[in-house]
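Working notes, structure below.
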Amino acid sequence: METARESMAAAVREFLRSRRARITPEQAGLPVYGGNRRVPGLRREEVALLAGMSIDYYVRLERGNLSGVSDSVLESLARALQLNEAERTHLYDLARAATPSGRRPSVTASRVRPTILRMLDSMTGVPAYVRNGRFDILAANALGRALYAPVFDSPLFAQRGPVNTARFLFLDPAGHDLWADWDNAADDLVAFLRSETGRSPQDKALTDMIGELTTRSDVFARRWARHDVKFHRSGVKHLRHPLVGELALPYEAMELPADPGLRINVYTPEPDSPEQEALGILASWAGTGTVVPSTND
């Protein structure tokens, strides 16, 4: 059985290899000699050259050993591999997890505080819910529950909670109906989860869920192997609701600083848009503005 240390080393190794493989010498500003390259993207020695380090040292890093690596080295590596902000943050998270002094047990709030529930309760005109890094929905206002009614009603969660959008997306066939652009939604969610594993490497519930999804869903497993990462901050959610049809809803995903690991997602339609009208219909259907906390911890 793979140990946590071996799993972390494998994550580092595959992340660096995948980032190296996507950059061509031309993109890196390097000369190309001959046309017979045996590897996609950059060679190890080319990354070492770009990062200003010896090939032996880079090989050590790509083997998964980031323990004790300085910020300056990480920054040089991030520049050489042309990492974006999310990828750079993930690299730092992996290095922190590989260093004994940086291995702090992840602390995630397991319950939503009454003040947050009251805040959700007051947001009667927009869908909103609170989730953790595993995409468990821990509380939702009535409009949030109405918007995600197919998720809350999924037989996946009849015997086992809490409601989880990642499990629904990949394990319930109805996920293909709810997300109007399922492939992009799947890409994004896997990238969000990959980022979360870097932030919370000791979250056993997260690790167990990744293992379940990898085993039960080939499409998840293929995406997981890409090692893509992404921040979940804002965007537009494209849904196909069974009652009101297709929706394009701008959203914000905001961290709750007093509740480690929890975020509130709020969907705000454009004024006088079809989405605003559709949410009015959903609000009438939902009936009240009561917050729905999760019954499973």
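Based on the Cα coordinates of the stretch 114-293, what is the per residue volume of their convex hull in Å³?
115 Å³
Of the residues 57, 129, the one with the fewest other Cβ atoms within 10 Å heads the list, and the complete ranking is 57, 129. Look at the dipole of the chain built from charges on Cβ: of 262, 178, 129, the Cα furthest out on the positive end belongs to 262. Taking the Cα centroid of the stretch 120-181 and of the stretch 209-287, what is the distance between the two, rounded to the nearest whole Å? Centre-to-centre (Cα) distance: 9 Å. Each Lys or Arg adds one and each Asp or Glu subtracts one; over the other residues with Cβ under 9 Å from the Cβ of residue 58, this totals -1. For the stretch 164-212, the extents of the C-alpha atoms along the principal axes are 34, 17, 13 Å, listed from largest to smallest. Counting only Cα atoms, the stretch 4-102 measures 45, 24, 23 Å along its principal axes, largest extent leading. Dipole of the stretch 4-102 computed with +1 at Lys/Arg Cβ and -1 at Asp/Glu Cβ about the Cα centre; of 9, 100, 74, farthest Cα towards the positive end is 9.
Rounded to the nearest angstrom and ordered from largest down, what semi-axes does the equivalent ellipsoid of the stretch 83-175 get from its C-alpha gyration tensor (root of 5λ)?
30, 18, 14
Readers should treat all values here as calculations from the given coordinates under stated rules, not as data from a laboratory. Only a predicted model underlies this, so the values are computations on that prediction, with no experimental measurement involved. Cβ sites come from the backbone with ideal geometry, for glycine too, and all protein chains shown count toward neighbours.
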